[in-house]
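Comments concern the structure below.
The values are calculated or read from the model by the stated rules, or taken from the named source; none is laboratory data. The model shown is predicted, which means the values in this text are computed figures rather than measured ones. Here the Cβ is made from the backbone with ideal geometry for all residues, glycine too, and neighbour counts use every protein chain on show. Quick note on the areas: whole protein, heavy atoms, side chains included, nothing else; ligands and nucleic acids left out. Shrake-Rupley method; radii C 1.70, N 1.55, O 1.52, S 1.80 Å.
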Amino acid sequence: MKLQNDLILRAAKGEDIERYPVWLMRQAGRILPEYRAVRESVSGFKELVETPALAAEVTIQPVDILGVDAAIIFSDILVVPEAMNVPYQMIEKRGPWFEHTIRSEEEAKRLEFDFDIEDRLGYVLEAIKLTVKQLDGRVPVIGFAGAPWTILCYMVEGHGSKTFSEARKLLYTNPTLAHQLLQHVTDVTIAYLKAQVKAGASMIQVFDSWAGILGTEQYATFSLPYLSQIASAIEDVPVTLFSKGAITSIPALAKLDCNTIGLDWNMDVAAMRALVGNSKTLQGNLDPCALYGSHQSIELETIKMLNSFGNNQRHIVNLGHGVYPDVDPEKVKTFIKTVKSYETK
Ligand code: CP3
């Protein structure tokens, strides 16, 4: 299908752009009253994720309402451990919760990794196909998955955590098991992302949300080799790697076979550009809290960020992490409007 707006794909590939493309992590979600209305019509988050027509509907909402340059498929990174026989529940106001954790060889026996993606994750593929069809070429669809390290965090810990100390403990007490688990997650993730591309995703983002809790050496041992396999395996569409908090690993990430590196708001754009060079696109990185400021302050902060790009075209504008659910959508619109009216040379 011919895309009417392929700005984000051109920016990812380092081609000419007439302005910077913009989208927001977590744009399909609770910030929009229209999302909350759909969400209230179902029994819970998982029903929404598993019903392709509704997932497609909420995926498209931010394109219609906010005017973003890409849609990201409405799903969750936790559908992968679930497909591997480690199911999760999404508990209201508390987040994900897993009945079974994987902390030992014995517990690892329940893991399944030799299955057909279509069988267990067909609902995501169906949602992508429907979204692509309904968007009719207006903007590209971004597919995604969690990085193996971040998925391991949830499988081992069994719930959210500030430190994921059970997951980090495993890296010291049984590194062999940790590597085996990471490899299984990697294999499933590669098959899953390839299936997303086949279903119509024009771009892929890998979320390593818990990158920042590992030291540089641990990150090089337990995350980068698996990210590298994933980035190299996805051949037909641009790949973004977002390793939140992994500031000291940016030079190592820049060596991987990806097009774009995601930056969080702690990362100085000019400093990261100096580390990465010009062969990659950078994505980010306004502080999500900037959107609590006045419209005028949002405009100022956004322009400050855009100026920090120094006229380099290899940028995709985003926040430094997902948009917070209680941000006023009008404030998000100001952010997007500011990006769209900023002139790139
Ligand atoms: O708009 C989009 O970005 C697409 C949808 C999307 C969701 N989750 C929907 C969601 C994406 C890309 C994700 C990724 C995801 N999920 C990550 C990586 C990105 C990040 O934020 O670091 C992680 C770590 C998860 C796991 C997860 N899902 C947690 C910890 C939680 C609970 C916290 C929360 O925000 O409520 C979720 C729930 C979740 N995933 C919601 C949404 C819209 C909120 C639940 C709801 O609407 O009821």
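Structure above, values below:
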{"quantity": "Accessible area per residue, Å², the chain with all protein chains present, probe 1.4 Å", "calculated": "42"}
{"quantity": "Trypsin sites (Lys or Arg not before Pro) within the stretch 107-147: DSSP coil, no more than 12 neighbouring Cβ in 10 Å", "calculated": "LYS109, ARG110"}
{"quantity": "Accessible surface of MET203 - all protein chains present, 1.4 Å probe, nearest 10 Å²", "calculated": "0"}
{"quantity": "For the stretch 181-237: relative contact order, % (alpha-carbon pairs under 8 angstrom, 6 or more apart)", "calculated": "58"}
{"quantity": "HN-Hα J in Hz across the stretch 22-28 - Karplus 6.51, -1.76, 1.60, θ = phi - 60°, x for Gly and Pro", "calculated": "9, 8, 10, 4, 6, 5, 8"}
{"quantity": "Probe 1.4 Å, all protein chains present, accessible-area order of ARG26, ARG94, ARG19, largest first", "calculated": "ARG94, ARG26, ARG19"}
{"quantity": "The chain: DSSP helices with Cα axial extent of at least 30 Å and average Kyte-Doolittle hydropathy no lower than 0.0", "calculated": "175-199"}
{"quantity": "Rough spin-label spacing in nm, given labels placed 7 Å along Cα→Cβ, for ASP257 and ASN311", "calculated": "3.5"}
{"quantity": "Sparse-neighbour loop sites [GluC sites (Glu not before Pro); the stretch 278-336; at most 14 other C-beta within 10 Å; DSSP]", "calculated": "none"}
{"quantity": "Anchor LYS133: aspartates and glutamates whose Cα lies under 20 Å away (excluding residues fewer than 8 positions away in-chain)", "calculated": "ASP6, GLU50, GLU57, ASP64, ASP69, GLU118, ASP236"}
{"quantity": "Net dipole in debye of the chain [+1 Lys, Arg Cβ; -1 Asp, Glu Cβ; about Cα centre; nearest 20]", "calculated": "780"}
{"quantity": "Nitroxide proxy distance, nm - points 7 Å out along Cα→Cβ at SER294 and GLN183", "calculated": "5.9"}
{"quantity": "Distance between modelled label sites at ASN266 and ILE91, nm, 7 Å Cα→Cβ extension", "calculated": "2.7"}
{"quantity": "Heavy atoms of SER279: accessible area, 1.4 Å probe, square angstrom to 10", "calculated": "80"}
{"quantity": "Residues of the stretch 106-125 with amide N under 20 Å of the 7 Å Cα→Cβ point at SER43", "calculated": "120-124"}
{"quantity": "Difference of contour (0.36 nm per residue) and Cα-Cα distance, GLU18 to TYR123", "calculated": "34.2 nm"}
{"quantity": "Protein-only accessible surface order, largest first, of GLU57, GLU157 at 1.4 Å", "calculated": "GLU57, GLU157"}
{"quantity": "Projected area, mean over directions - the stretch 153-219, Cα convex hull, nm²", "calculated": "5.3"}
{"quantity": "Percent of beta bridges antiparallel (DSSP, the stretch 201-342, rounded to nearest 5)", "calculated": "0"}
{"quantity": "Order of exposure, largest accessible area first, which applies to MET305, MET1 with probe 1.4 Å", "calculated": "MET1, MET305"}
{"quantity": "Estimated FRET transfer efficiency when R0 is 51 angstrom, pair GLN218-GLU330 (beta carbons, to 0.05)", "calculated": "0.75"}
{"quantity": "Over the chain, volume per residue of the alpha carbon convex hull, in Å³", "calculated": "120"}
{"quantity": "Percent of beta bridges antiparallel (DSSP, the chain, rounded to nearest 5)", "calculated": "15"}
